[in-house]
Amino acid sequence: MFCFVLCCFVLCCFVLFCFDSSLWLKPRPLSKDGAEPRPAGSAKEQRRLLPPLPYRYLVNQAGLCRDRTPFLVFMVPVAPRDAAAREAVRKTWGAPSQDTLTLFFTGLPVMGERRSLQEELEQESRLYADIIQVDFMDSYQNLTLKTLMMMKWLGAHCSNASFAMKVDADIFVNVFHLRDRLRTSPRLGFITGSVIRDGRPRRDPWSKWYLSKELYPEDSFPPYVSGAGYVFSLDLAGRIFWASRYVQVIPLEDVYVGLCLRVLGVRPVYSRSMLFLRNLFEIQNLKYDRCTFAKLVIVNKFKPSELLQVWPDFLEGHARC
């Protein structure tokens, strides 16, 4: 009886895995002339074309991909004052390598700190050549704009890469497991992470995630991936930026990317372990355990000091798990 139950469980896991994986192989096709098809969203989305974003890059690294073809580009949104977080990422999962590239995206410092922080930021950029700054105020409310400028930058300056990952600076990234999984992932129309399929707008004006009926009249969100960290094939960068011309900006960047995916007719897919269907993009904080982390792609909520503390142990021993 035990063997029968076990076999049924494994079979169910396999069927679910195959069903989810089958979505990877059905990206929304481009038209014959290479242009995007008509938006796949609502009638309102189909008829409205928004003006282009007026922002520009104050600090740029436009030539980084000119003489190299990264397999994976990490796009890390940070505040100008987050120098410690940037340094921790550079010394851990975002360290320079042959097939990965790490870039930090930031906005303008607040007015009271602008001159001193701006000088420090530009000096750091000259030292590491990995900072891209956009000319709007850096704030949580502007994170959607920052994400769109990431997508625009990828499409314009690094379209020869295979994959990109938008990931926060307080995330532990198992770059080794991630690269291994991406070797066999689709190179077109692919986006994966912790998929949220039952999201609804918060109507409480005191909520950090408040959305008014005027800004977002629908009662639910389309499927989207948690903004803590998600990975996508490089073709989607330009396509998401294109789709943004049909989607009113809202201050929830992960939901907003999901709205753009709906316009494109692209469905995000879960990354799960094969046997137990565990979410590999862990958006909760876990106590560090080398072999637990070796089986995941991300773990959330790590301070810079914590990243620096656990990384040497993980780097030295993850392959033995």
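Couple of notes before you dig in:
- In the range 117-191, trypsin sites (Lys or Arg not before Pro) in a DSSP loop with at most 14 other beta-carbon atoms within 10 Å: ARG183, ARG187
- Built from the Cα atoms of the range 182-321, the convex hull projects on average onto 10.5 nm², one quarter of its surface area.
- Dividing the Cα radius of gyration of the range 40-320 by 2.2 N^0.38 Å, with N the residue count, gives 0.98.
- Note on LYS208: aspartates and glutamates with a C-alpha under 20 Å away, same-chain residues under 8 apart excluded, are ASP138, ASP168, ASP170, ASP198, GLU218, ASP219, GLU253, ASP254.
Computed from the coordinates by the stated procedures, all read-outs in this text should not be read as laboratory data. As the structure is a prediction and not an experimental result, all values here were calculated from the model. Note: ideal-geometry Cβ built from the backbone for every residue, glycine included; neighbour counts use all protein chains shown.
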